[in-house]
Each structure stands twice: as structure tokens, then as C-alpha cells.
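The values are calculated or read from the model by the stated rules, or taken from the named source; none is laboratory data. As the structure is a prediction and not an experimental result, all values here were calculated from the model. Don't worry about glycine lacking a Cβ; one is built from the backbone with ideal geometry, like all the others, and counts go over all protein chains shown.
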Amino acid sequence: MQTSVRRATKADAAAINRIYNHYVRTSTCTWHLTEETEEGRRKWLESRGPGHPVFVAESGGEVLGWASLSVYNSRQGWDGTVEDSVFVDHRHHGKGLGRLLLTRLIEEARKLGHRVIVARISGEQEASLRLHAALGFSTAGKLQGVGRKLGRTLDCVYMQKDLG
């Protein structure tokens, strides 16, 4: 499968939303409980500043996954620290798309002059924890029992990558 990664456009809103909303309904990899609307997703894409890009992985014109860098904290002292998000279409797991997208985020974060990437990962999401560790993220801490979804109490694992 020939896959490329490019910056997302407003035209990708429906595909990004389709991928994300699957996990809203079925998984603890996001703690959102309500599906996003396509219009909301379009506005989200439009609101992104140059320091917080969104990328999509696509093959044959189909979006297979997406990833973004977001503001970690709006207080100025946190400038240079960003949070990553990576979501792969559930039908395309195990093909290296998460690694491809997260690698692109790391490269872009360095180019943009960010110092640290933070990941907040549901403690039961072993694949995401392994992916981040494989790309040089270290565990920074764990908040126990802070989330609830799908009738379960969830831990939040914080991981970080120093880009210095």
C-alpha cells in the first residue's frame, strides 16, 4: 500500500470525523462521549494556527488516519509544549500508519521550534503506549481512575518527548 502524509484541508473534515467518531462510539482512546459534527470538525481545522498542524495519511485518495499537534496549555509559560493526537481508521490497524503519522508530527514539531510533545493516553491503550515509547516518548506519570467511559474507570498515562 503506497501511503503518503500531507497537511489536512477542510475537504478532509468528513474523513477525519468518520475516523474519530468511530472511537467516540467504541473506544477509550478518546474520552469524548458525544460524536463531533462535520461542521464542527471543519471549524476545528480552520481554527488551527501554523504552529499546530493537522496531517492525514492517505492511499489511493482515501484518508486512512490523521494526526495533529495542539496547544497543551494556553498559559504563555507553556509555549513550546504541544500535545499530539493520532487516530488511524480501525480497518487499517497494524500497517504502520500510526508510526508514519507520529513520526511526521515529531519532525514537524522540531521544525516549528517546539521543545516538548506531551501525549495523554488512556492507560488501557497498549498499542498507543507502545507506539509512543518506540518513538522515544518516556512515561512522565499516571493519573489513576480519573476518567470514565463505556462503564469503566480509566487511568491517564502522560508521556513526553523532549525535542531539544
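Checking each residue in region 72-105 for being among the charged types (D, E, K, R) and surrounded by 13 or more Cβ atoms within 10 Å (Cβ to Cβ) picks out Asp79, Glu83, Asp84, Asp89, Lys95, Arg99, Arg104. The residue list Arg120, Arg91, Arg130, Arg110 contains one member that is touching a residue at least 12 places away in the same chain (Cβ under 8 Å) and part of a helix (DSSP H, G or I), which is Arg110.
Out of curiosity, is Trp31 within 24 Å of His132 (Cβ to Cβ) and either without any contact (Cβ under 8 Å) to a residue 40 or more places away in the chain or charged (D, E, K, R) (or both)?
Taking the combined requirement at face value, the residue does not satisfy it.
Filter region 14-39 for residues that are outside any loop (DSSP other than H, G, I, E, B) and either more than 20 Å from Val86 (Cβ to Cβ) or in contact with a Phe, Trp or Tyr (Cβ under 6 Å, 6 or more places away or on another chain) (or both) and give the result. Selection gives Ile16, Ile19, Tyr20, Glu38, Glu39.
Among the numbered conditions (1) within 26 Å of Gly113 (Cα to Cα); (2) not in a loop (DSSP other than H, G, I, E, B), the only one that His52 does not meet is (2).
Within region 144-157, residues that are more than 19 Å from Arg25 (Cβ to Cβ) and modelled with pLDDT of 95 or more reach partners that are among the small types (Gly, Ala, Ser) and exposed (fewer than 15 other Cβ atoms within 10 Å of the Cβ) with beta carbons closer than 8 Å, at six or more positions or on different chains, in the pairs Thr153/Gly145; Asp155/Gly145; Val157/Gly141.
Among the residues in region 94-107, are any part of a strand (DSSP E or B), touching a helix residue (DSSP H, G or I) at 6+ places or on another chain (Cβ under 9 Å), on the phi < 0 side of the Ramachandran plot and without any contact (Cβ under 8 Å) to a residue 60 or more places away in the chain? No, every residue in region 94-107 fails to be part of a strand (DSSP E or B), touching a helix residue (DSSP H, G or I) at 6+ places or on another chain (Cβ under 9 Å), on the phi < 0 side of the Ramachandran plot and without any contact (Cβ under 8 Å) to a residue 60 or more places away in the chain.
With the structure loaded, tell me whether Thr103 is under 26 Å from Leu45 (Cα atoms) and in contact with a Lys or Arg (Cβ under 8 Å, 6 or more places away or on another chain) or whether it fails that test.
For Thr103, the condition - under 26 Å from Leu45 (Cα atoms) and in contact with a Lys or Arg (Cβ under 8 Å, 6 or more places away or on another chain) - is not met.
Applying the criterion of being assigned to a loop (DSSP other than H, G, I, E, B) and in contact with a strand residue (DSSP E or B) (Cβ under 6 Å, 6 or more places away or on another chain) to the residues of region 133-152, the residue that is surrounded by the most Cβ atoms within 10 Å (Cβ to Cβ) is Phe137.
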